[in-house]
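Following: one structure in structure tokens, then a few remarks.
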Amino acid sequence: MNLHHHGDAELAPGLVDLAVNVRHAPMPSWLSESLKRSLRDLRAYPDQTRARTAVAAHHARTPEEVLLTAGAAEAFVLLARALAPRWAVVVHPQFTEPEAALRAAGHPVEQLILAPDFELAGVPEAADLVFVGNPTNPTSVAHPNLERLARPGRVLVVDEAFADTATGVESLAHRGEVPGLVVIRSLTKTWGLAGLRVGYLLADAALVRDLSAVQPLWPVSAPGLAAIEACRSPAGAAEERRIAADLVQDRATLVEGLRAIPGVRVCGAPVASFVLIEVADGLAVRAALRHEGFAVRRGDTFPGLGPDWLRIAVRDAATTRAFLNAFAEVMSRSTGAAQ
Ligand SMILES: Cc1ncc(COP(=O)(O)O)c(C=O)c1O
């Protein structure tokens, strides 16, 4: 299975992007202003102090418990490089890069595939490294009480790349007292900054030191640091709450519309900025949607899913309605053809 297939591979000129889970709304002016200001002093090497302090304050942690990274993706690689797990378990379906990073570092990986409803159970007691997403990409499912998976001697990595705007997700980012807990956050999704590469992890200070020892120097650029500081300021936090509230509305429009299309099954109760669905003959449906001008994310590159699963990003209501009309048409043709 290709663990490096991502939504951006689904895009092509002229297609509406429902495949990549990065928000499309214009950048707030306070964020673009701070990015512009950072360009005035690119001569200096980046200084992380202010960004790290802002992240720590946002999550009620100390700066020593914060490691800034070039996107959440770098955090997976650092963990894979710094840790020497005896028994690494990756809970699937989930984003595939944690497993790819572990394998690239030479660690055997056990896949724990959740089925049929993606409820989290069955983590082996002796696993000493566990990766889980919350909310999970691509299922949009939230897992409650994940701290119950923490054990002395185990590193529990919770990927909260989509937690900032998800509904009803119990973030563990502030839970410094949970042993072995690593929480990974991304600023690329909500803030539309995938090209800037900004994220971080939160862990106990000793693990942060071990991870930073295998990190390249100056991993986050000065513009990246400016963005982190701005997004984790009180103004950024207030905007994040507004974005989360809008997302509830926009997701409801998508989910209700999908549920009204015969032959479409929406997976569970989605909480994030994307929705997973199941349809018969998913690859043909995906191809027909492309023909209608819409790119959705194929599900079959996620361990535990197959070709009949498709992931759809939540967009503004107008885009979603146009998509739903095209989708209803595609489904009526495909169910008509099957009769
Ligand atoms: C669940 C999850 N975690 C992490 C990432 C990586 O995010 P970043 O852009 O911050 O590296 C992604 C990207 O798609 C993701 O879906």
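The values are calculated or read from the model by the stated rules, or taken from the named source; none is laboratory data. No experiment lies behind these values; they were computed from the predicted model shown. Using ideal geometry, Cβ is built from the backbone for each residue, glycine included, and neighbour counts are taken over all protein chains shown. SASA here: full protein model, heavy atoms, side chains in, ligands and nucleic acids out. Shrake-Rupley method; radii C 1.70, N 1.55, O 1.52, S 1.80 Å.
General observations
- Some residue of the range 190-204 being in contact with a strand residue (DSSP E or B) (Cβ under 7 Å, 6 or more places away or on another chain), of a type in the set (Ser, Thr, Tyr), under 28 Å from PRO270 (Cβ atoms) and in a loop (DSSP other than H, G, I, E, B): no
- Selected residue (criterion: nearest to the ligand (Cβ to nearest atom)) from residues of the range 1-44 that are in a loop (DSSP other than H, G, I, E, B) and within 19 Å of GLU239 (Cβ to Cβ): ASN21
- In the range 105-151, the residue that is farthest from the chain's Cα centre (by Cα) out of those that are open to solvent by 30 Å² or more (accessible area, probe 1.4 Å) and of a type in the set (Asp, Glu) is GLU125.
- Number of the condition not met by THR190 [criteria: (1) open to solvent by less than 50 Å² (accessible area, probe 1.4 Å); (2) in contact with an Asp or Glu (Cβ under 7 Å, 6 or more places away or on another chain); (3) more than 15 Å from the ligand (Cβ to nearest atom); (4) closer than 18 Å to VAL55 by Cβ]: (3)
- Of all the residues in the range 294-323, those that are assigned to a helix (DSSP H, G or I), open to solvent by 20 Å² or more (accessible area, probe 1.4 Å) and among the hydrophobic types (A, V, I, L, M, F, W, C) number 3.
- Conditions (1) within 12 Å of the ligand (Cβ to nearest atom); (2) free of Cβ contacts under 8 Å to residues at least 40 places away in the same chain; (3) closer than 21 Å to ARG251 by Cα; number of the one not met by VAL158: (3)
- Tallying residues that are among the charged types (D, E, K, R), surrounded by fewer than 19 Cβ atoms within 10 Å (Cβ to Cβ) and within 16 Å of the ligand (Cβ to nearest atom) within the range 193-233 yields 0.
- Members of the range 71-104 found to be more than 12 Å from the ligand (Cβ to nearest atom), in a loop (DSSP other than H, G, I, E, B) and crowded, with 18+ Cβ neighbours inside 10 Å, listed by number: LEU83, PRO85
- VAL169 open to solvent by less than 10 Å² (accessible area, probe 1.4 Å), out of contact with any Gly (no Cβ under 7 Å at 6 or more places or on another chain), farther than 18 Å from ALA57 by Cβ and within 14 Å of the ligand (Cβ to nearest atom): no
- Considering the conditions (1) crowded, with 17+ Cβ neighbours inside 10 Å; (2) within 30 Å of GLN111 (Cα to Cα); (3) hydrophobic (A, V, I, L, M, F, W, C), MET1 is excluded by exactly one of them, (1).
- The set of residues in the range 234-262 that are in a loop (DSSP other than H, G, I, E, B) and surrounded by fewer than 17 Cβ atoms within 10 Å (Cβ to Cβ) comprises ALA260, PRO262.
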